[in-house]
Every structure is written in structure tokens, then in C-alpha cells.
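Note sheet for the following structure.
What follows is calculated from the coordinates using simple rules that are stated; it is not laboratory data. Just so we're clear, the structure is a prediction, and the values are computed from it rather than from any experiment. Cβ: placed from backbone, ideal geometry, glycine included. Neighbour counts: every protein chain shown.
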Amino acid sequence: MIIVKDIYKRYTTTKGVSDWVLKGINLVIPKNRSVGIVGGNGAGKSTLLRIMCGADYPTYGTVERLCRVSWPMGNGGVEATMTGRQNAKFICRAHGFEDEMEERIARIQEFADLGASFDKPVNTYSAGMRSRLQFALSLAFDFDVYVSDEVTAAGDAAFKNKAQKAFENLVGRSSIIMVAHSDNTLKSFCDSGIFLYKGHATWYDKLDDALYAYKETIKV
């Protein structure tokens, strides 16, 4: 279960303080429920996702995670000056898997399929290569909730197929909180939905209802 309590978020930039991206959001993500976050461009979907998993922090409010939550799959979790292998070792140590390090690294290396680049610095990778490494790092560990921000849209066709199958393997043993532009992708993996509009969030037990609410706001 993830409990989102009165979350507000805005950013400070060189141009000053932004408008509120998220305003007073209260949500309870039940256990074993996969959720799609929907809304227009700039609605704050990725921001809310990152706050829920701890990759970003709210300006006000709190998030209580009563389960093991991944970092965003395909995003974050790597140090660019280190090699893919060094990143894998670092994360294994951070998660307390030193005794299983070789087996975990082998899983990461096999899934990422980077060849010799696995032993080169991440800052030499293309965007697709980096995404494959980040996705593989997430899958190497067992989480109750996996967080995905447009992962299946990244990389080449072979990686998209591999990512799709990986998500399918998660169904039934872990839940997913997902942002994706494709309705079909959301429908493939998500039961419920969160609709973001003008900084506010509405929970829907059925994903189709969240999608319908979003489409009602974009009718011409």
C-alpha cells in the first residue's frame, strides 16, 4: 500500500518559482492493484510517479510506502561516470546482495544486452542503451510495486518486445504503477486509474473510467 497525503509540488528554476504542478493530492494505492496514471501533457504524471516512488520530493505533504517500491524503470538509478557493471555492483551492495552479486550482475548483463559497452561508462551510451541498463537494474531485484514511466516506448523494437514480456511476467506477483501514452499499454497491465487534471488527482477503481474522464476534457 502507498498512501499519498496532501501532496503539493512546484519547482524553483532560474526564472523563479513555477505554478503548482500538483495541488493537495490525497490517494491510497491498495495492495496488489496495478494503476495507470492518465492526463494531458504537463499534467504532472511523471512528477506524481516520481514522488510516489521516492525519486523526487513534494514541496509539501508526505508519502507513506508500506511496501517495497522500485525506482522508475528505464529512468534514474545510474551514475553516468561509472560503467554498467560498476553501477550493477553498486546497486547490489546498496540492496544487500553482495553474496548474490555475480548472479544478479549476470541477470542484468543478459537483459540489458549491451555487449562490450557493459564495461564502458554510462555517459558513452545512447539513450536506448541507457534505458536498457536502467530497466535491467530494476528487474534484478524483487519489488512489491514496479514504477514505469513510458519504458515500453524507449529503445528499438527488440527492446520494446523484451520490456513487454518482462511486464507480463510481473503480472500476478507484483503490481505496477505506470505512465504511458498508449491506452492499449495501460489496459494490458493496469486495473485502476488516476486522472490528473489542473493539479488535482481523482482515483478510479476501473482504468476505463479514468481514461473516459481524461478524454472528456480533451473533446473539441
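Distance from a point 7 Å along Cα→Cβ of His200 to each backbone N in region 10-28: keep the residues under 12 Å and list them by number.
Only 23-26 pass the distance filter.
To the nearest 0.05, how large is the calculated FRET efficiency for Ala94 and Asp191 if R₀ is 30 Å and r is the Cβ-Cβ distance?
Details: r = 31 Å, r/R0 = 1.04.
Rounded to the nearest 0.05, the efficiency is 0.45.
Could you work out how much longer the chain between Asp56 and Glu216 gets when fully extended? Use 0.36 nm per residue separation minus the Cα distance between them, nm to one decimal. Display every interim value, and only then the final one.
Numbers: separation 160, 0.36 × 160 = 57.60 nm, distance 2.99 nm.
The span from Asp56 to Glu216 would gain 54.6 nm if fully extended.
Identify all aspartates and glutamates with a Cα-Cα distance to Lys9 below 16 Å; exclude those on the same chain that are fewer than 8 residues away in sequence.
Asp19, Asp56
Specify the angular offset, from 0 to 90 degrees and rounded to the nearest 10, of the alpha carbon long axis of helix 207-217 from the longest principal axis of the alpha carbons in the chain.
Helix 207-217 and the main axis of the chain meet at about 60 degrees.
If you take the alpha carbon radius of gyration of region 2-219 and divide it by 2.2 N^0.38 Å, what ratio comes out, to two decimals? Each step should come with its number before you reach the end.
Values: Rg = 17.6 Å, N = 218, 2.2 N^0.38 = 17.0 Å.
Taking N as the residue count of region 2-219, the ratio is 1.04.
Rg(Cα) of region 93-187 divided by 2.2 N^0.38 Å? All intermediate terms of the calculation are to be shown ahead of the outcome.
On the way: Rg = 13.8 Å, N = 95, 2.2 N^0.38 = 12.4 Å.
The reported ratio for this selection is 1.11.
Among the DSSP beta bridges whose two residues both lie in the chain, what percent are antiparallel, rounded to the nearest 5? Numbers along the way, then the final one.
Details: 18 of 34 bridges.
Bridges in the chain are about 55 percent antiparallel.
Taking the Cα of Met101, stepping 7 Å toward and past its beta carbon, and measuring to each backbone N in region 124-145: which are under 19 Å?
In region 124-145, the label zone of Met101 (backbone N under 19 Å from the point 7 Å along Cα→Cβ) covers 137-138, 140-142.
Quick check on region 98-220: of the DSSP beta bridges with both residues there, what percent are antiparallel, nearest 5%? Display every interim value, and only then the final one.
Values: 5 of 11 bridges.
The antiparallel fraction comes to roughly 45 percent.
What do you get for the angle between helix 84-94 and the principal long axis of the chain? Use alpha-carbon atoms, 0 to 90 degrees, nearest ten.
70 degrees
Please work out how much length the chain gains when fully extended from Arg85 to Cys67, using 0.36 nm per residue of separation minus the C-alpha to C-alpha distance, in nm with one decimal. List each step's numbers first, then the result.
Details: separation 18, 0.36 × 18 = 6.48 nm, distance 2.77 nm.
Stretched out fully, the Arg85 to Cys67 stretch lengthens by 3.7 nm.
Please report the relative contact order for region 2-219, taking Cα pairs under 8 Å with a sequence separation of at least 6, and give it as a percent rounded to a whole number.
Working: 396 pairs, mean separation 59.3, N = 218.
Once normalised by length, the contact order is 27 percent.
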